[in-house]
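The values are calculated or read from the model by the stated rules, or taken from the named source; none is laboratory data. None of these values were measured; they are calculated from a predicted model. Note that we place each Cβ from the backbone using ideal geometry, even for glycine, and neighbour counts take in every protein chain shown.
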Amino acid sequence: MSEIRKAIGGVSVTNTDIKCLGCGASNIKFDPATGTLSCPFCGLSTQLPTPQQGAVAAELDFNSALQRASVDWGRSKKLIVCANCGGQTVYDSEQVTGSCPFCGSTSVTPAAETNQIMVPNAVIPFAFSKEECQDRFLEFVKKKKLVNKKVFNCKLDKVVGLYLPFWTFDTYTASSYYAFRNNGVGAPSDHVNGVWYENIDDVVVFASNRVYHPFISKVQKFDFEKAVPYSPEYLAGFPAERYTLGLNDSWDRSKTLITSKLKKDVHRYNRNLRVIDIATNYYNVKFRCLLAPVYLATYRFGNKILPVAINGQTGETFCDVPTRIKRIILLVLLAMIIISIIEIIALYGGMWIFREPLSILSKHR
């Protein structure tokens, strides 16, 4: 069978593998620290396109999305499904997968029909390596108050880099609205009809309807303007979550977000108006299927294993941090008990002091 080959950023890419141009070795990986595709065998490094170099991820026309959707990821992929949490993760076909990146369960099985997974047309590359996650974790812990000092000795475990799926939408809107108008003190209020035009840019919808991790929703603040065109090199060595919220459902969800934004923008423009109802027409709708990076990890504190999520672009970290609050509360309660005992002793002791001299005087009489 003939092999489909193309060149992306000076790197030879096939539909089955990414090979080093220097020595032909397989399984070379993307290095977030340098933004290069590096070969561990001959040392050859290839710089991948960056936003600073003018690499911009194009947006696709919504109406022709189904006809233009690509399913060629640039190398063979396999879909792994977790029996514990239901997470669906896309891996390189040759990559050995022993556990779920979301919950850590080893109950993972390959799924069929991976060839129909729509390929993302944009990606936000990892900005730092897995080894740097420990420093990001400690920086986060140091900002917390009343932290148990033992936390500073904790080490991250099971650190996994993972790409999360998103849809972003752009559209031009023309809306007619019905609003309540406050005409000021002493003037009667009334209702008005109006028209509102607005260009909407980058409405972001998380393309998964599953909750695998307690901090996934908090770690999603990415700079989507720094997305670059998709290339399989960025995923070399990193799995990606498969989107479970499809394009049409995501567009419906984005329209809810857009409606809320339009109402707020009308109110910002005229503070006297409070939009009650709005009907919107959408024109020139564009979208991107986008992957964004996170690191998931855990750390052990005593007999507890606590989850950690780190934004792979910004380094923003989220996790639960044990504090000394319980200890402080116990100390305060203990102090209150001691004070109460002292007050009781002082009260009854004072009564004894006054009562004892009187008894002595009565005896001498």
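Quick notes on this structure:
- Here Trp167, Trp196 are screened, and the one residue that is in contact with a helix residue (DSSP H, G or I) (Cβ under 6 Å, 6 or more places away or on another chain), surrounded by fewer than 21 Cβ atoms within 10 Å (Cβ to Cβ), touching a residue at least 12 places away in the same chain (Cβ under 8 Å) and in the same structural domain as Val308 (by TED's automatic domain parsing) is Trp196.
- Within region 230-264, tally of residues that are touching a strand residue (DSSP E or B) at 6+ places or on another chain (Cβ under 6 Å) and among the charged types (D, E, K, R): 5
- Inside region 236-263, residues that are of a type in the set (Lys, Arg) and in a loop (DSSP other than H, G, I, E, B) make up a count of 1.
- Taken over region 130-153, residues that are surrounded by 15 or more Cβ atoms within 10 Å (Cβ to Cβ) and in contact with a Pro (Cβ under 9 Å, 6 or more places away or on another chain) amount to 5.
- When each of Val204, Val185 is tested for being part of a loop (DSSP other than H, G, I, E, B), surrounded by fewer than 20 Cβ atoms within 10 Å (Cβ to Cβ) and out of contact with any Cys (no Cβ under 6 Å at 6 or more places or on another chain), the lone residue that passes is Val185.
- Some residue of region 285-295 being over 24 Å from the mean Cα position of the chain (by Cα), in the same structural domain as Gly87 (by TED's automatic domain parsing) and not in a loop (DSSP other than H, G, I, E, B): yes
- Every residue from region 63-92 that is in a loop (DSSP other than H, G, I, E, B), at pLDDT 75 or above and over 22 Å from the mean Cα position of the chain (by Cα): Ala83
- Exactly one residue among Phe222, Phe206, Phe152 is out of contact with any strand residue (DSSP E or B) (no Cβ under 9 Å at 6 or more places or on another chain) and modelled with pLDDT of 90 or more, and that residue is Phe152.
- For region 23-36, residues that are assigned to a strand (DSSP E or B) and under 19 Å from Leu162 (Cβ atoms) total 3.
- Condition met for Leu257 (aliphatic (A, V, I, L, M) and in contact (Cβ under 8 Å) with a residue 60 or more places away in the chain): no
- Residue tally, condition under 30 Å from Phe102 (Cα atoms) and among the β-branched types (Val, Ile, Thr), over region 163-194: 1
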